[in-house]
Amino acid sequence: MLASFAAFGLTAQPLLAADYAKQAQDMMKADFRSKGPATVEGVLQQDEAQKLCSAYPAPEKRPKQLAAKLEAEQLKLVKYPSDGQYMGRWQEGEKIAQNGRGMQSSDKPGAPNGGNCYACHQLSKAEISFGNIGPSLYQYGKLRGDSEAILKYTWAKLYNSQAFSACSNMPRFGHKGILDEQQLKDVLALLLDPASPVNKD
């Protein structure tokens, strides 16, 4: 009997989890409405990477083979600059890094989003209000240079952070269409241009 109960428990747990997930989705669909850039579908529809990360939210319990596979697959999705030019204007990149607006129900559809980079990273010496969820990017280019390899890595990291860190907290700015190609170029310039406040001091 105990064996039968254990067997029942093993099958019931995933079923209960699936049932709770469906109830949560039904509640979201019933109680929320799409408005502007903020859509119910955008919140509820997960791609394969998001599904895997939801299944294994704790990094220490995430199988290394699955994490490595996810990173490899996400790297394949990176789209590099269409004109082959990586660097934009760091001045515009600083504005994007400081701007936390975007993808809210009150925003006009099609309005440019900010990157809100300072919410998670230190970038310049002058800005003392910054978060620390992500690593400091102060002197990012000064420490790394601007070789072709660094340009490609930095672009790919901005475009799809999960290409290098499975289930990263960092948004996939390019992959999810949060920032457009020119905005990505400008943020990359903020990180790598020797004249930018990230590297000048």
Output the residue which, of all residues in the range 108-131 that are without any contact (Cβ under 8 Å) to a residue 40 or more places away in the chain and touching a Gly at 6+ places or on another chain (Cβ under 6 Å), is farthest from V187 (Cα to Cα).
-> A119
State all residues of the range 88-108 that are surrounded by fewer than 18 Cβ atoms within 10 Å (Cβ to Cβ) and either at pLDDT 95 or above or of a type in the set (S, T, N, Q) (or both); if no residue qualifies, say none.
-> R89, Q91, E92, K95, Q98, N99, Q104, S105, S106
From the list G141, G134, pick out the single residue that is within 12 Å of L191 (Cβ to Cβ), among the small types (G, A, S) and surrounded by 11 or more Cβ atoms within 10 Å (Cβ to Cβ).
-> G141
Filter the range 109-131 down to residues that are crowded, with 18+ Cβ neighbours inside 10 Å and in a helix (DSSP H, G or I) and give me whichever is farthest from the chain's Cα centre (by Cα).
-> Y118
Restrict the check to the range 108-121 and report whether at least one residue is closer than 15 Å to S165 by Cβ and either in contact with a Lys or Arg (Cβ under 9 Å, 6 or more places away or on another chain) or not acidic (D, E) (or both).
-> yes
Helices (runs of 4 or more DSSP H) contained entirely in the range 1-68, each with at least 1 residues that are closer than 29 Å to G102 by Cβ and at pLDDT 90 or above = 48-55
Residues in the range 133-188 that are under 21 Å from Q85 (Cβ atoms) and outside any loop (DSSP other than H, G, I, E, B) total 24
Quick one: count up the residues across the range 81-107 that are touching a residue at least 12 places away in the same chain (Cβ under 8 Å) and assigned to a loop (DSSP other than H, G, I, E, B).
-> 16
List the number of the failed condition for V198; all other conditions in (1) assigned to a loop (DSSP other than H, G, I, E, B); (2) touching a Ser or Thr at 6+ places or on another chain (Cβ under 8 Å); (3) β-branched (V, I, T) hold.
-> (1)
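The values are calculated or read from the model by the stated rules, or taken from the named source; none is laboratory data. Because the structure is predicted, anything quoted here is derived from the model rather than measured. Positions of Cβ are backbone-derived with ideal geometry, glycine not excepted, and every protein chain shown enters the neighbour counts.
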